[in-house]
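One structure is given here, and the rest of the page talks about it.
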Ligand SMILES: O=C(O)c1cnc2c(C(=O)O)cccc2c1O
């Protein structure tokens, strides 16, 4: 069975949580044991590929084709993207030399919406696998950044004639994945919805947290974005004594416009979601730590200032919300050797006051923005989501635990550890008074980066 192969070929993978970081070039090898490159994900050791779908935002088609092993390199690949007009034309032109690469344009009918979702559907001779990740399909996203993924188990085919509800997981992942795919309302995904129905996804222990553009009312308000997360935390997490002292941590690589003060969205509806545990919710006294790289974090990174090209926080947005910057903490990841590998991963979690336990953990494509998570409108009777996003929620109950212990030293990996491998250092470290959040469209010419260069955006 390939999963046994999985064990023998990748003995150092953590298959408790199936949460992996991307390999980073230039680190001591110790910090890459148990990390995966895209070529590892597409390796025959994980299954004998027949066809795949790549949902993403940014694509280098020639580079992507080259990441498949030669024996899989001309198998059909469907690209699900959000490009329109000239951008769509450029994308399709990239695939001219590759007739096996086809395209599906996701509908983006609400302004400023983007197709951020990053997911691989891998259909093998042996079954089916899903990967939900944070990396674009471009070389730079797999080189010297901190990125993450959830890799599903190998889902075997169901016996012929199995009922529609067969192969469901305790977290209803199968239903939720099918609903997410159906939300695109495109013919190209129909055959994939059918294929997934024929497979057994029952070993899945994570909950799916997606966003699909739209304006939702009534029960539909809880299907996507942060109200989906709130519903899951309400239904499947337990209240914790003294929970108001359990900090929320949000970590992301971009930031949207969130209004003139914290009550407009962040400390209101979004914090109400992040502080929900069972019946209890908005704890306005709960500490909220936001992790976003400072200018110096970027300047001293492996990539240098160019890392900031993937941290698109604009001056226009930043200057409208200076109140936000008091929440900010540095990017520090000595635990994974990734302090100088700038984050493109996005994670959210609820930690104990001493940061030794987690009440839950999310890895997702969603940055800190209303577009991604949704925002309430019309006196809280409607929620508006602009973008496609996808992530997974880890809840201790789904792993037979009350909380997740935080794994102190995730590298080298132990395959059966019950500690959760949080990718950056806890507790997060506050910005010093001199620290500034990275802003990508202003010059930095006072201090050279690791490559001796300055940053002067055009
Ligand atoms: O991974 C993504 O989904 C994603 C989306 N957008 C951007 C932008 C932008 O939207 O201007 C700029 C730089 C990087 C990204 C990026 O990495």
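Here, each number is a calculation from the coordinates, and none is a lab measurement. Just so you know, these numbers come straight off a predicted model, no measurement behind them. Every residue, glycine among them, receives a Cβ derived from its backbone with ideal geometry; neighbour counts consider all protein chains shown.
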Ordered by fewest other Cβ atoms within 10 Å, a rough proxy for footprinting exposure, 240, 255 read 240, 255
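So what is the 222 nm mean residue ellipticity for the chain from helices alone, if each DSSP H run of at least 4 adds -39500 (n - 2.57) and you divide by all residues, rounding to the nearest 500 deg cm²/dmol?
Calculated from helices alone, the mean residue ellipticity at 222 nm is -4000 deg cm²/dmol.
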Here the Kirkwood hydrodynamic radius of the stretch 121-177, Cα-based and in Å, equals 13.7 Å
In this structure, the FRET efficiency calculated for residue 414 and residue 162 from their beta-carbon separation, with R0 = 51 Å, to the nearest 0.05, is 0.90
In the stretch 240-357 the DSSP beta bridges are antiparallel at a rate, in percent to nearest 5, of 45 percent
So the compactness index of the stretch 1-138, its C-alpha Rg divided by 2.2 N^0.38 Å, takes the value 1.12
Proxy exposure order for 383, 131 (fewest C-beta within 10 Å first) is 131, 383
Rg (one decimal) and Dmax (whole number) from the Cα set of the chain, in Å, equal 21.1, 68
Counting only DSSP beta bridges fully inside the chain, the antiparallel percentage to nearest 5 is 70 percent
Packing-ranked peptide list from 359-370, 207-218, 186-197, highest mean Cβ count within 10 angstrom first, is 359-370, 207-218, 186-197
The rounded separation in angstrom of the Cα centers of the stretch 383-458 and the stretch 127-149 is 15 Å
Exposure-ranked with fewest Cβ neighbours within 10 Å first, 258, 401, 384 stand as 401, 384, 258
Reduced to Cα centres, the span from the stretch 298-327 to the stretch 163-237 in Å works out to 33 Å
Relative contact order in percent for the stretch 237-384 (Cα pairs under 8 Å, 6+ apart) equals 33 percent
